[in-house]
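The values are calculated or read from the model by the stated rules, or taken from the named source; none is laboratory data. In this text, all values refer to a predicted model and were calculated from it rather than measured experimentally. So basically every Cβ, Gly included, is an ideal-geometry build from the backbone, and we count neighbours across all protein chains shown.
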């Protein structure tokens, strides 16, 4: 497992990312971009043509080698917090222990979240990210 550092500097960056992402929630043109979230893994080929989520995401780099992308999404159930976390090495993903720490820092109530709300997604050939989504409290 790769080391993870979440100190005051990183927590400040995370808080800024949360504040910025909350200002511009992603509005999907259809009910759910990934209707089969329970599938558990998505390749680049599974993305709808023209789909690109990264412009709306706020990015935070965490030592040592974690890339986090946060967005808020207007989903049919309500406003959802969506976090995607990857590591630099091809074919590797963050360990569950690291995901739990990162999810907590980004304001998630739990990790893993409810079944079907966590999946792997290929974001570049051979590179996957762990994705989690959680409904925001009303």
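So how many residues does the range 67-92 have that are in contact with a helix residue (DSSP H, G or I) (Cβ under 7 Å, 6 or more places away or on another chain) and either in a loop (DSSP other than H, G, I, E, B) or closer than 15 Å to residue 105 by Cα (or both)?
The first filter runs over the range 67-92 and keeps only residues in contact with a helix residue (DSSP H, G or I) (Cβ under 7 Å, 6 or more places away or on another chain), leaving 68-72, 83, 85.
The next check asks that each one be either in a loop (DSSP other than H, G, I, E, B) or closer than 15 Å to residue 105 by Cα (or both); those that pass are 68-71, 83, 85.
The number of residues fulfilling the criteria is 6.
Residues in the range 4-17: is at least one at pLDDT below 95, outside any loop (DSSP other than H, G, I, E, B) and surrounded by 14 or more Cβ atoms within 10 Å (Cβ to Cβ)?
No, that holds for no residue.
May I ask you to verify whether residue 97 is more than 21 Å from residue 117 (Cβ to Cβ), modelled with pLDDT of 65 or more and surrounded by 11 or more Cβ atoms within 10 Å (Cβ to Cβ)?
Values: more than 21 Å from residue 117 (Cβ to Cβ): no; modelled with pLDDT of 65 or more: yes; surrounded by 11 or more Cβ atoms within 10 Å (Cβ to Cβ): yes.
No; evaluated as a whole, the condition is false for this residue.
Listed here are the residues, each with its yes/no results for (1) in contact with a helix residue (DSSP H, G or I) (Cβ under 9 Å, 6 or more places away or on another chain); (2) modelled with pLDDT under 90; (3) under 25 Å from residue 5 (Cα atoms); (4) part of a strand (DSSP E or B).
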residue	(1), (2), (3), (4)
38	no, yes, no, no
45	no, yes, no, no
48	no, yes, no, no
101	no, no, yes, no
104	no, no, yes, no
107	yes, no, yes, no
110	yes, yes, yes, no
113	yes, yes, yes, no
122	yes, yes, yes, yes
